[in-house]
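Participant: This is the structure I want to talk about, given as structure tokens.
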């Protein structure tokens, strides 16, 4: 009995699995899908949700070439087939064909967008499809004529033989020049009109951009109606970031819905659909205690206020998705209203502000956060939580304010200082972490070189 093995083919992602078959006088037994062993040998952990069977009464029954937008593991439950596949995806390998015989010793992993077909070589053949999405009757997907001259599939029983049975639908399938290639799964950016969403759209220019009015992440019906099968990557930049308002009776339920319930719903969808989910978190999930070198990704969560509590809950929910990145950041600066723009305006207007000097951290420019997102996704970095900020020496808000004054040609001595306690006296404010510096070692270990915050500030101010 041969060992379990996996072989590559000329079609990227199409894998032939050689299965050990246990035989005795009663017949045979095989492990047709064995997740742990097969994933260890290189098969994708594709998360099958449905198993379909096709019975072929007589030798010569021929089906295909069908292209569905999901992954599948095909095999025979009994009998023997000549199976062929054609790459129908956009790209350099469009039209590439591969074929082989499949019996009880063979299974083939067929990635999304690769056309599948076969011809029964014996009577009573049962062909099995283990798929990672639910079949919906009536939907049409790309298909190719079984006799396409470009694919040139050498059918053992000629297609014009009286022994061959082909459906009228398959006989009407188009030739390769008339086929529209299947597009790759797309990227979805939620919260697209926010500071981070704007930056992500620059780095992912082909993404679908949605905000609350296009897709309400707290609406179960809206989520159920969305065509998730078209997407392979979701960048969740949607969040409730009104830190002080989150402490109010009106703001608290909104914060929990946007920052905890919505990410949890996305995590469930990502797990079911094999989607990679990127979610953005905050230093507010920590209590701001001083930590040498900054808070690491595995530090215990200890949020001080409602905003931090909701974000911490969102982090934990997203971690339930097998393919997830939680990018934890601090002091975000991007397009629109933000601290740097406010300080630059005050400097220009001749106003001398008092700025807190006992909160210490690093600025994170949205361009840096978007760049890190692209790096982690494209490099195939291990899933999990990563701290992402600009690098450099941590500073207080007051020190950053002075630097803004200096870079805009104003006297930095005009910036006064105040403690967090003094600033909050008489105001209804959420508690702030005093030490917000995040350790960047894990991100650096993926090969990402963080941009110094001061260099980014100079660029930002033009």
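Participant: Hey, does region 203-210 have a residue that's more than 16 Å from the chain's Cα centre (by Cα) and either on the phi > 0 side of the Ramachandran plot or modelled with pLDDT of 95 or more (or both)?
Facilitator: no
Participant: When region 189-245 is examined, which residues are found to be exposed (fewer than 15 other Cβ atoms within 10 Å of the Cβ), closer than 18 Å to residue 370 by Cα and touching a strand residue (DSSP E or B) at 6+ places or on another chain (Cβ under 9 Å)?
Facilitator: Matches in region 189-245: 206 only.
Participant: Are there any pairs with C-beta distances below 9 angstrom linking a residue in region 134-162 that is without any contact (Cβ under 8 Å) to a residue 12 or more places away in the chain to a residue that is surrounded by 10 or more Cβ atoms within 10 Å (Cβ to Cβ), with the two at least 6 apart or on different chains, and if so which?
Facilitator: 139/68; 158/164; 160/147; 162/60
Participant: If I go through region 34-59 residue by residue, how many of them are touching a residue at least 60 places away in the same chain (Cβ under 8 Å), touching a strand residue (DSSP E or B) at 6+ places or on another chain (Cβ under 6 Å) and in a loop (DSSP other than H, G, I, E, B)?
Facilitator: Selection size over region 34-59: 3.
Participant: Taking residue 134 as the residue in question, decide whether it is within 30 Å of residue 7 (Cβ to Cβ) and surrounded by fewer than 18 Cβ atoms within 10 Å (Cβ to Cβ).
Facilitator: Against the criterion (within 30 Å of residue 7 (Cβ to Cβ) and surrounded by fewer than 18 Cβ atoms within 10 Å (Cβ to Cβ)), residue 134 qualifies.
Participant: Kindly establish whether residue 424 is closer than 25 Å to residue 310 by Cα and assigned by TED's automatic domain parsing to the domain that holds residue 309.
Facilitator: The answer is yes for residue 424.
Participant: Might you let me know whether region 306-320 holds any residue that is touching a helix residue (DSSP H, G or I) at 6+ places or on another chain (Cβ under 7 Å), part of a loop (DSSP other than H, G, I, E, B) and under 16 Å from residue 430 (Cα atoms)?
Facilitator: No, region 306-320 contains no residue that is touching a helix residue (DSSP H, G or I) at 6+ places or on another chain (Cβ under 7 Å), part of a loop (DSSP other than H, G, I, E, B) and under 16 Å from residue 430 (Cα atoms).
Participant: A further question follows. Quick one: which residue in 111, 142 is under 23 Å from residue 31 (Cβ atoms) and assigned by TED's automatic domain parsing to the domain that holds residue 77?
Facilitator: None of the others qualify; the one that does is 111.
Participant: Say whether the condition of being crowded, with 20+ Cβ neighbours inside 10 Å, in a helix (DSSP H, G or I) and in the same structural domain as residue 326 (by TED's automatic domain parsing) is met by at least one residue in region 445-456.
Facilitator: Yes, region 445-456 contains a residue that is crowded, with 20+ Cβ neighbours inside 10 Å, in a helix (DSSP H, G or I) and in the same structural domain as residue 326 (by TED's automatic domain parsing).
Participant: Given region 79-160, what strands (runs of 3 or more DSSP E) lie entirely inside it while holding 2 or more residues that are within 28 Å of the chain's Cα centre (by Cα)?
Facilitator: Strands (runs of 3 or more DSSP E) meeting the threshold: 81-87, 106-110, 114-120, 125-131.
Participant: Restricting attention to region 141-185, report how many residues are under 30 Å from residue 214 (Cα atoms) and modelled with pLDDT of 95 or more.
Facilitator: Number of matching residues: 0.
Participant: Somewhere in region 201-209, is a residue within 21 Å of residue 262 (Cα to Cα) and part of a strand (DSSP E or B)?
Facilitator: Within region 201-209, one or more residues are within 21 Å of residue 262 (Cα to Cα) and part of a strand (DSSP E or B).
Participant: Follow-up. Output the residue which, of all residues in region 345-355 that are surrounded by fewer than 20 Cβ atoms within 10 Å (Cβ to Cβ) and touching a residue at least 24 places away in the same chain (Cβ under 8 Å), is farthest from residue 418 (Cα to Cα).
Facilitator: Residue satisfying both the conditions and the ranking: 348.
The values are calculated or read from the model by the stated rules, or taken from the named source; none is laboratory data. All figures in this text were calculated on a predicted structure; none of them were measured in a lab. When we count neighbours, we look across all protein chains shown, and the Cβ atoms used for this are built from the backbone with ideal geometry, even at glycine.
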